[in-house]
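> Quick one: structure below, then a few questions.
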Amino acid sequence: MRLARQAAAQREEQEVQELEHCDLCTEPIPADHRHLLDLDSRELMCACQACRILFDKPGAGGAGTHYRLVPDRRLWLEDFAMDEAAWARLRIPVEMAFFFHSSPEGRVQAFYPGPMGATESQLELDAWEDLERDNPVLATLEPDVEALLVNRARGARQHFLVPIEDCYRLAGLIRTRWRGLSGGKEVWEEIEGYYEALAGRAKTHTNHEEAAAWQT
């Protein structure tokens, strides 16, 4: 009986050790958990339920805090207004990019994923302002922690509003899986699977809905 209790205790201890831990208080957390963004390092931090609640509102955690809770809002922007000329004005050298309002920089930043990681692209402010005017949902982006993610690779025309962690996940996938000049078949299959999964999780949103919301 004692041996059985010891074995059960060892299994329980092992299960606890295998769990992820909160990066703030070290409490064990399940695989499905929220993240905080460290604005100083731009690194994501795993958060337990208590720490998530602590940073659940803007300004939470005290004045001058550099942590932001990453939202879990995902929208598939079905009728996003951006033609070829508007895309060209954004000056992105590849066919995928993400955009977010940076509080430390005081402006919108644009990054594109590649074999070397996420690289910043110079963004013309006027081009972004025009895009925001044509797509009012962009005005609802929560600074630092929500982004516009654009996929135009291989003929795609997909636009999503996502948590910043989704953009980092895509950048990490491409950085670690890319092979040779073209990336290789496997990485493109994974990229396709990434966007399929994202579309399955995202709520469809239209500019018509946003216009109606502004009028009420």
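Please treat every number below as a calculation from the coordinates, not as lab data. Only a predicted model underlies this, so the values are computations on that prediction, with no experimental measurement involved. Methodologically, a virtual Cβ is constructed for each residue, glycine included, from the backbone with ideal geometry; neighbour enumeration extends over all protein chains shown.
> Let me know the whole percent of all Cα-Cα pairs from region 75-215 that are separated by more than 26 Å.
On the way: 2022 of 9870 pairs.
Taking all Cα-Cα pairs of region 75-215, the fraction more than 26 Å apart is 20 percent.
> Another question about this same structure. Taking other Cβ within 10 Å of each residue's Cβ, how do VAL145, VAL94 sort, fewest first?
Details: VAL145 22, VAL94 13.
Fewest to most other Cβ atoms nearby, the residues stand as VAL94, VAL145.
> Taking the Cβ-Cβ separation of HIS33 and TYR194 as r and a Förster radius of 25 Å, what is the calculated FRET efficiency to the nearest 0.05? Before the final figure, lay out the partial values.
On the way: r = 20 Å, r/R0 = 0.80.
Step by step, r from the Cβ atoms, then E = 0.80.
> I'd like the trypsin sites (Lys or Arg not before Pro) in region 82-155 restricted to DSSP loop residues with at most 15 other Cβ atoms within 10 Å, sorted by number. Mind showing how you got there, number by number?
Details: sites: ARG89, ARG91, ARG107, ARG133, ARG152, ARG154; in loops: ARG91, ARG152.
Counting only loop positions with at most 15 other Cβ atoms within 10 Å, the trypsin sites (Lys or Arg not before Pro) in region 82-155 are ARG91.
> What is the Å³ per residue value for the convex hull set by the Cα atoms of region 31-138?
Details: hull volume 15.4 nm³, N = 108.
Enclosed volume per residue, from the Cα hull, is 142 Å³.
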